[in-house]
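J.: The following block contains the structure, expressed as structure tokens.
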Amino acid sequence: MKCPFCSVDGNRVVDSRDSGDDTVRRRRECEGCGRRFTTYERIDAIMPHVVKKGGRRETWDRGKIVRGLFKACEKRPVSVEAVESTADAIEREVQELGLAELDSSVVGEAVMQSLKGLDEVAYVRFASVYRSFRDIDEFMSALESLVREKGQGDKQK
């Protein structure tokens, strides 16, 4: 592995620990410049291809999920760890389907459901872009649905 600072190939592992969810965190020290950096190792599972609305197929890209979650949670009290674990959960959910291909709508709905439990404002942000509301009435309908669901959840507690 090359050092991200000086591009020397040699480095040594200083510390290694499980980071949860099949991820190993390794702290490395470059033998060239002496600087330290962190790497994460994840099991390379075979993920399905995503079929977009127009029929185009893309390989699974976890980075897109993470970027979408971060964008929705921008300026919200949601930690990086919460976003990462949410992305891990979505990825696990998709893996467990065992499909070679799946519609992008399945991924979008999984992200929305995860955001609903993580942060309601982030959920509304994501939903407004994902569902591309045509007017304020559609947006208000989605908000009212969220408020109704929240009220039902509070009554069950």
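Every number in this text was worked out from the coordinates using simple rules, so none of it is lab data. Note that the coordinates shown come from a computational prediction; the quantities given were computed from them, not determined experimentally. Cβ atoms come from the backbone with ideal geometry, glycine included; neighbour counts cover every protein chain shown.
J.: Excluding residues fewer than 8 places away in the same chain, name every one of the aspartates and glutamates whose C-alpha is closer than 17 Å to that of Lys75.
T.: Result set, ordered by chain and number: Glu84, Asp119, Glu120.
J.: While we're looking at this one, here's another question. Who wins for biggest fluctuation among Ala45, Ala122, Ala89 in a Gaussian network model of the chain, springs between alpha carbons below 10 Å?
T.: Of Ala45, Ala122, Ala89, the most mobile in the Gaussian network model is Ala45.
J.: List the residues of the range 80-104 whose backbone N lies under 11 Å from a point placed 7 Å from the Cα of His49 along the Cα-to-Cβ direction.
T.: Those under the cut-off are 100-102.
J.: Just order 132-145, 75-88 by mean Cβ neighbour count inside 10 Å, highest at the front, would you?
T.: Top of the packing list down: 75-88, 132-145.
J.: Another one. If amide H atoms are built 1.01 Å from N in the plane of the peptide, which residues on other chains or at least 5 residues away come under 5 Å of the amide H of Asp103?
T.: Val51
J.: Just to verify a number: FRET efficiency for Cys33 and Arg131, C-beta to C-beta distance, R0 = 41 Å, to 0.05?
T.: FRET efficiency, Cys33 to Arg131: 0.25.
J.: GNM, the chain, Cα, under 10 Å: largest mean-square fluctuation among Gly32, Gly55, Gly117?
T.: Gly32
J.: How charged is the neighbourhood of Pro4? Take every other residue with its Cβ under 13 Å from the Cβ of Pro4, and add Lys/Arg as +1 and Asp/Glu as -1.
T.: Charge balance in the 13 Å sphere: +2.
J.: Suppose every K and R has +1 on its Cβ and every D and E has -1 on its Cβ; what is the size of the dipole of the chain about the Cα centre, in Debye to the nearest 20?
T.: Rounded to the nearest 20 debye, it is 480 debye.
J.: Please compare each pair in Lys71/Lys150; Lys2/Lys64; Lys2/Lys53; Lys53/Lys116; Lys2/Lys71 to a cut-off of 28 Å on the Cα-Cα distance and tell me which ones are over it.
T.: Lys2/Lys53; Lys2/Lys71
J.: Follow-up. What would the Debye equation give as log₁₀ I(q)/I(0) for the chain at q = 0.17, 0.20 Å⁻¹, counting only Cα atoms as equal point scatterers?
T.: For the requested q values the scattering log ratios are -1.09, -1.27.
J.: In sequence order, what are the phi-derived ³J(HN,Hα) couplings for the range 129-141 according to the Karplus relation 6.51 cos²θ - 1.76 cosθ + 1.60 with θ = phi - 60°, rounded to whole Hz, with x for glycine and proline?
T.: Here the 3J(HN,Hα) series is 7, 5, 7, 6, 4, 7, 8, 5, 5, 5, 4, 5, 4 Hz.
J.: Per residue of the range 57-65, in order, report the coupling 6.51 cos²θ - 1.76 cosθ + 1.60 (Karplus, θ = phi - 60°) as ³J(HN,Hα) in whole Hz, putting x for Gly and Pro.
T.: 10, 10, 6, 4, 10, 4, x, 5, 5
J.: Set Lys and Arg Cβ to +1 and Asp and Glu Cβ to -1, take the dipole of the range 8-157 about its Cα centre, and tell me which of Val78, Ala45, Gly34 lies farthest positive.
T.: After comparing all options, I get Gly34.
J.: Something else about it: Relative to the Cα centre, what is the charge dipole magnitude of the range 106-157, using +1 at the beta carbon of each Lys and Arg, -1 at the beta carbon of each Asp and Glu, and rounding to the nearest 20 debye?
T.: 160 debye
J.: Sorted from fewest to most neighbouring beta carbons within 10 Å, what does the list Tyr130, Tyr123 look like?
T.: The fewest-first ordering by Cβ neighbours comes to Tyr130, Tyr123.
J.: Could I ask something else about it? Convert each backbone phi in the range 77-90 into a coupling constant with the Karplus relation 6.51 cos²θ - 1.76 cosθ + 1.60 (shift: θ = phi - 60°), then list the ³J(HN,Hα) values in order as whole Hz, x for Gly and Pro.
T.: Result, rounded to whole Hz: x, 10, 6, 4, 4, 5, 5, 4, 5, 5, 4, 4, 5, 5.
J.: Also: Just add up the charged neighbours of Glu74: K/R +1, D/E -1, any other residue whose Cβ is under 12 Å from the Cβ of Glu74.
T.: +4
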